[in-house]
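The values are calculated or read from the model by the stated rules, or taken from the named source; none is laboratory data. In this text, all values refer to a predicted model and were calculated from it rather than measured experimentally. As a convention, Cβ positions derive from the backbone with ideal geometry for all residues, glycine included, and neighbour counts pool all protein chains shown. Remember, those area values only see protein heavy atoms, side chains included, never the ligands or the DNA or RNA. Shrake-Rupley method; radii C 1.70, N 1.55, O 1.52, S 1.80 Å.
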Amino acid sequence: MKLGLVVNPWAGIGGPAGLKGSDGADCVQAALAASSLPQVQARLAAMFDALGEAAHRFSWYAADGAMGLSALQAAGLQASAVIPVASPSQAVDTRRASRILASMGIDLLLFAGGDGTARDVLDGLRDAGAIDSLPVLGLPAGVKMQSAVFANHPTAAAQLLRQLLQNGLAMHSEAEVMDLDEQALRRGQILPQLYGYLQLPLAPALTQGGKARHASGDHAQRLAIARSFAEGMDPRALYLVGPGSTTQALLEVLGVDGTLLGVDAVLGNGTLLARDATRLELEDLAAARDTALHLVLSPIGGQGMVLGRGNQQISSRLLRAAGKRGLHVLAPRDKLLSLHGGVLRIDSGDAQLDAEFNGYLPVMTGYREQTMWPVSV
């Protein structure tokens with residue numbers, strides 16, 4: 001089986017810096033200035049590690065250097081064909097590489113990045129006339145990843161590729177490519193746009209689905225959840241409150257001027273320590289305090305992602321420090337019932353740590369109301 005590989009080398013660099021995305025040279029420079037690093041090579045390494053010996057059974061076609069070939073070489077693999085690209089690479093290189101790879105008779109195009117990368121792949125395949133015929137699979141390595149073209153985890157991408165080796169590519173279906181206006185997102189405005197559809201191998205348990213476009217629960221429901229959680233908060237403990245309307249309700253109950261789309265650090269008594277914080281700021285705060293650490297998160301509607309989509313400021317190091325007892329999931333019941341695959345998912349960047357959360361997590365769904373919900377990497 002022939003696989004094409006295209007990588008966005010800067011994918012995910014804006015996440016740890018709290019920049020809501022990684023699009024554009026200015027964003028990349030701002031992320032680098034904040035000591036943030038791209039996440040994509042680690043994501044690729046995790047996928048190849050999970051794929052193991054099966055990776056050698058594919059014939060790889062790739063863009064050159066950091067756009068694909070370097071990751072293959074790091075995994076001990078060779079490429080049958082290499083597409084020259086500029087260095088440093090730009091969006092136009094992703095479009096061009098996708099178009100050329102599509103003309104080489106590959107069976108599937110694997111790309112690593114986020115929604116912006118998915119848009120560039122879409123444009124490249126449209127130029128090649130292959131948008132309706134060539135299946136793709138996105139390795140999630142960006143910040144937002146609201147599109148429905150991604151595996152839900154690097155290990156899930158590896159599992160799906162192994163299945164394709166065994167069963168072939170008999171079935172695939174249209175999956176939407178969505179993206180958000182990052183400038184608007186940084187102003188607290190959520191403006192999604194549908195750019196088109198790509199063909200995705202049919203594997204619902206291994207792919208993340210698109211983000212639900214409706215608000216889950218009314219404000220009264222979210223406030224009830226928030227009040228219930230606030231009543232049990234330890235005044236001295238550190239709470240990292242992730243993005244979302246339900247977690248925003250908690251900040252409202254606490255009287256904290258936090259952010260809708262960032263991560264805020266507060267004490268249990270309502271003292272705001274950091275607003276829209278970066279990963280380094282959060283890790284420094286956690287290290288400086290000799291108190292319990294709590295992560296307060298709400299899953300993405302439809303996808304069920306608790307960690308790893310839009311909240312990469314919360315690192316695997318912080319997740320490990322909080323542990324299962326320090327991870328708190330808040331969600332209205334109707335949001336849980338509408339999840340793709342019916343499960344919650346965690347994608348912290350540490351596959352071994354993520355697997356430790358398989359099983360069930362308590363989810364607060366109302367005032368003094370809690371349910372156990374399945375978690376699956």
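Tell me, yes or no, whether the stretch 36-45 has at least one residue that is touching a helix residue (DSSP H, G or I) at 6+ places or on another chain (Cβ under 6 Å), in contact (Cβ under 8 Å) with a residue 24 or more places away in the chain and open to solvent by 20 Å² or more (accessible area, probe 1.4 Å). Reasoning before the result, please.
Narrowing the stretch 36-45 to residues touching a helix residue (DSSP H, G or I) at 6+ places or on another chain (Cβ under 6 Å): 43-44.
Adding the requirement that they be in contact (Cβ under 8 Å) with a residue 24 or more places away in the chain leaves 43-44.
Next, only the ones that are open to solvent by 20 Å² or more (accessible area, probe 1.4 Å) stay: 43.
Scanning the stretch 36-45, I find at least one residue that is touching a helix residue (DSSP H, G or I) at 6+ places or on another chain (Cβ under 6 Å), in contact (Cβ under 8 Å) with a residue 24 or more places away in the chain and open to solvent by 20 Å² or more (accessible area, probe 1.4 Å), so the answer is yes.
Of all residues in the stretch 88-116, those being modelled with pLDDT under 95 and among the polar types (S, T, N, Q) number 2.
Which residues, taken from the stretch 317-327, are within 19 Å of the chain's Cα centre (by Cα) and open to solvent by less than 70 Å² (accessible area, probe 1.4 Å)? Across the stretch 317-327, the qualifying residues are Leu318, Leu319, Leu327.
Filtering the stretch 51-71 to residues that are surrounded by 18 or more Cβ atoms within 10 Å (Cβ to Cβ) and either under 13 Å from Ala158 (Cβ atoms) or among the hydroxyl-bearing types (Ser, Thr, Tyr) (or both) leaves Leu51, Ala55, Phe58, Tyr61. Here the stretch 235-286 is the region considered, the condition is being in contact (Cβ under 8 Å) with a residue 60 or more places away in the chain and open to solvent by 60 Å² or more (accessible area, probe 1.4 Å), and the residue that is farthest from Pro332 (Cα to Cα) is Leu280.
Among the candidates Ile300, Ile314, Ile346, which residue alone is within 24 Å of Pro140 (Cα to Cα), touching a residue at least 60 places away in the same chain (Cβ under 8 Å) and open to solvent by less than 10 Å² (accessible area, probe 1.4 Å)? Going through Ile300, Ile314, Ile346 in turn, just one is within 24 Å of Pro140 (Cα to Cα), touching a residue at least 60 places away in the same chain (Cβ under 8 Å) and open to solvent by less than 10 Å² (accessible area, probe 1.4 Å): Ile314.
Among the helices (runs of 4 or more DSSP H) confined wholly to the stretch 312-375, which include 3 or more residues that are of a type in the set (A, V, I, L, M) and within 28 Å of Ala50 (Cβ to Cβ)? Can you show your working first?
Working: elements: 316-322, 333-337, 351-355.
Filter on the stretch 312-375 gives 316-322, 351-355.
In the stretch 83-115, the qualifying residues are those that are surrounded by fewer than 22 Cβ atoms within 10 Å (Cβ to Cβ) and β-branched (Val, Ile, Thr), and the one that is farthest from Leu161 (Cα to Cα) is Val92. For the stretch 17-35, the set of residues classified as open to solvent by less than 50 Å² (accessible area, probe 1.4 Å) and not β-branched (Val, Ile, Thr) consists of Ala17, Gly18, Leu19, Lys20, Gly21, Ser22, Gly24, Cys27, Ala30, Ala31, Ala34, listed by residue number.
For Val256, the conditions (1) under 28 Å from Asp115 (Cβ atoms); (2) at pLDDT 95 or above are fulfilled apart from (1). Here Ala118 does not fit the description of being touching a residue at least 12 places away in the same chain (Cβ under 8 Å), within 24 Å of Leu165 (Cα to Cα) and either part of a loop (DSSP other than H, G, I, E, B) or open to solvent by 20 Å² or more (accessible area, probe 1.4 Å) (or both).
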